[in-house]
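What follows is a set of notes on a single structure, which appears directly below.
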Amino acid sequence: MTVIEVGARPFYHEFAWAYDALVARPVADECAGIAAWLARRGVGPRAAVLDAGCGTGRYAVELARRGLAVTGIDRSSELLEEARSRVRDAGLPITLLEADLLDLTAAPGGRLHDAIVCRGVLNDVVGAAARAAVLGGLALILRPGGVVWLDVRDWSRTAARKTAEPVTERRVATPRGSLTFRSVTRLDPATRRLLVSERHILTTSAGERVATHEFVMQCWTQDELDAALGTAGFEAIEHADAETGALGAGFEDRLVAAASRGAR
């Protein structure tokens, strides 16, 4: 058995090829909902949309199928390789670029975007300064009046869920062998942070390969999210009632919001 403690999160790197198998979501349905939100704010077919933190490209492809001109960015080269394969298979004109949300000083692809979709990414951004930098960067690459759609973990609902169910474990059969994923979450209420220990175990005829990783995620409150969006220059903030389940089971512990970039 080979055990490796890695500095980078295996989900995004060594095991990026298994991300979709381990994290199953009704992406087509979710993108239909996102597209409807964007349409209500005047973002329709052929609009330039940035998938910020595109991962394996699932959302980029589904949004492009709805007629949007999509660019996807991610800082993980391994996730982007998975995304490029998906885009090739779909035959869609999606641009994929390696970029870090903490360093958005110019619009990816050289054009301002009509909308940005940031699906489940901002929980990985820890600390007020880093969060301000990311939201400020998103505002920088949107045209005035452009729309950001995002979801983040709500602290109270996530804390309740993780207190009741601190352990997540999944086993999947893959072309590379049997893969087991286990995640254990502890709560830090003082900072609204999740202290997460993850383990991937890939079992093959040659033996086991184990990758372990510990990292921190930080949840949000609605007041914090609204204040951060306002400081970054966003206005007309709208929230979905994710707690009712109307957005689907995957959003029950999330804050879902859309906002428009102000003229300033």
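Miscellaneous remarks
- Using C-alpha pairs below 8 Å separated by at least 6 residues, the relative contact order for the chain is 19 percent.
- Estimated Rh, the chain: Kirkwood, alpha-carbon pairs, angstrom: 19.1
- Scalar couplings 3J(HN,Hα) for the range 209-216, obtained by applying the Karplus form with A = 6.51, B = -1.76, C = 1.60 to θ = phi - 60°, are 10, 10, 10, 10, 7, 10, 7, 10 Hz; x denotes Gly and Pro.
- Scanning residues 5 or more positions from R75 or on other chains, those with amide H under 5 Å from its amide H are A99, with H placed 1.01 Å from N in the peptide plane.
- Taking the range 60-156 and dividing mean pair separation by its residue count, relative contact order in percent (alpha carbons under 8 Å, at least six apart): 27
- Note on V216 and L140: the model spin-label points, each 7 Å out from Cα along the C-beta direction, lie 2.4 nm apart.
- P(r) of the range 162-264 over all Cα-Cα pairs, binned every 10 Å from zero, in whole percent: 13, 28, 29, 20, 9, 2
- Backbone phi angles across the range 77-89, fed through the Karplus curve with coefficients 6.51, -1.76 and 1.60 (θ = phi - 60°), yield HN-Hα couplings of 5, 5, 5, 5, 5, 5, 5, 4, 5, 5, 5, 4, 5 Hz in residue order; Gly and Pro are listed as x.
- The fraction of accessible area contributed by carbon and sulfur in the chain is 50 percent, rounded to a whole number (1.4 Å probe; ligands and nucleic acids excluded).
- Mean separation of Cα pairs under 8 Å and 6 or more residues apart, divided by the residue count, gives the range 15-97 a relative contact order of 30 percent.
- Alpha-carbon centroids, the range 1-73 and the range 181-219: separation in whole Å: 21
- With protein chains left intact and a 1.4 Å probe, residues in the chain average 45 Å² of accessible area per residue.
- For the pair R161 and R182, a Förster radius of 30 Å applied to the C-beta separation gives a FRET efficiency near 0.95, rounded to the nearest 0.05.
- Over the C-alpha trace of the range 5-151, radius of gyration and Dmax come out as 14.5, 47 angstrom.
- Just so you know, the Cα atoms of the range 76-182 work out to an Rg and Dmax of 17.6, 49 Å.
The values are calculated or read from the model by the stated rules, or taken from the named source; none is laboratory data. Predicted model, so just to flag it, every value in this text is computed and none were measured. Here Cβ is always computed from backbone atoms with ideal geometry, including for glycine, and neighbour counts include all displayed protein chains. Accessible surface is based on the protein model in full, side chains and every heavy atom, while ligands, DNA and RNA are left aside. Shrake-Rupley method; radii C 1.70, N 1.55, O 1.52, S 1.80 Å.
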